[in-house]
1. When you go through (1) loosely packed, with under 13 Cβ neighbours inside 10 Å; (2) assigned to a helix (DSSP H, G or I) one by one for Ala6, which number turns out not to apply?
2. Would you please list the contacts, defined by Cβ atoms under 9 Å and residues six or more apart or on different chains, that run from a residue in the range 28-51 that is free of Cβ contacts under 8 Å to residues at least 60 places away in the same chain and more than 14 Å from Thr78 (Cα to Cα) to a residue that is basic (Lys, Arg) and near the ligand (Cβ under 9 Å from one of its atoms)?
3. Within the range 69-91, track down each residue that is within 16 Å of Val31 (Cβ to Cβ), at pLDDT 95 or above and of a type in the set (D, E, K, R).
4. List every residue pair whose Cβ atoms sit under 8 Å apart, with the two residues 6 or more apart in sequence or on different chains, where the first one lies in the range 66-91 and is loosely packed, with under 13 Cβ neighbours inside 10 Å and the second, anywhere, is not in a helix (DSSP H, G or I).
5. Report whether or not Leu66 is near the ligand (Cβ under 8 Å from one of its atoms), at pLDDT below 95 and either out of contact with any strand residue (DSSP E or B) (no Cβ under 6 Å at 6 or more places or on another chain) or polar (S, T, N, Q) (or both).
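The values are calculated or read from the model by the stated rules, or taken from the named source; none is laboratory data. All values reported here derive from a predicted model rather than from experimental measurement. Cβ sites come from the backbone with ideal geometry, for glycine too, and all protein chains shown count toward neighbours.
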Amino acid sequence: MYLNYADSGRMRVTQLPQDRAKFKVPSLRNVALTAPYMHDGSFTSLQQVIDHYNSGGQPHVNKSTLVHPLNLSTQEKTDLLNFLNTLSDDSFVRNNLFN
Ligand code: HEM
């Protein structure tokens, strides 16, 4: 996965090869409630997303140098998951005005 993208990303708009496989950075607000993840919904859980980032992701010519193996411990991955879960706004989600 992620060696080839069915969706060429920003390149569809700009036609520039350097924009291939580039996608908008999404808001993480309420991210625990909005699975599946990434532009193609290829991850079904935040745990999978964290494991993906922790591995440094797959090679791609346009991959950011900011994305590299993180070597997170099990505890650090749990901490990160717990942090992402704090971004849920229950008062908004449970608001009957939006049902
Ligand atoms: C451990 C660090 C990181 C965590 C926990 C994290 C978390 C996430 C999550 C949960 C998503 C999915 C959001 C969704 O689908 O609604 C996401 C997507 C994304 N993140 Fe990160 N992120 C991290 C690092 C980074 C870095 C360093 C960059 C940029 C250099 C980045 C850029 C993006 C982009 C562009 C997407 C959208 C990808 C797509 O649509 O396929 N993230 N991130």
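1. (2)
2. The qualifying pairs are His39/Lys24.
3. Lys77, Asp79
4. Short answer, once both residue conditions are applied: His68/Gly56; Pro69/Gly56; Asp89/Arg29; Asp89/Asn30.
5. Working: near the ligand (Cβ under 8 Å from one of its atoms): yes; at pLDDT below 95: yes; either out of contact with any strand residue (DSSP E or B) (no Cβ under 6 Å at 6 or more places or on another chain) or polar (S, T, N, Q) (or both): yes.
So Leu66 passes the test.
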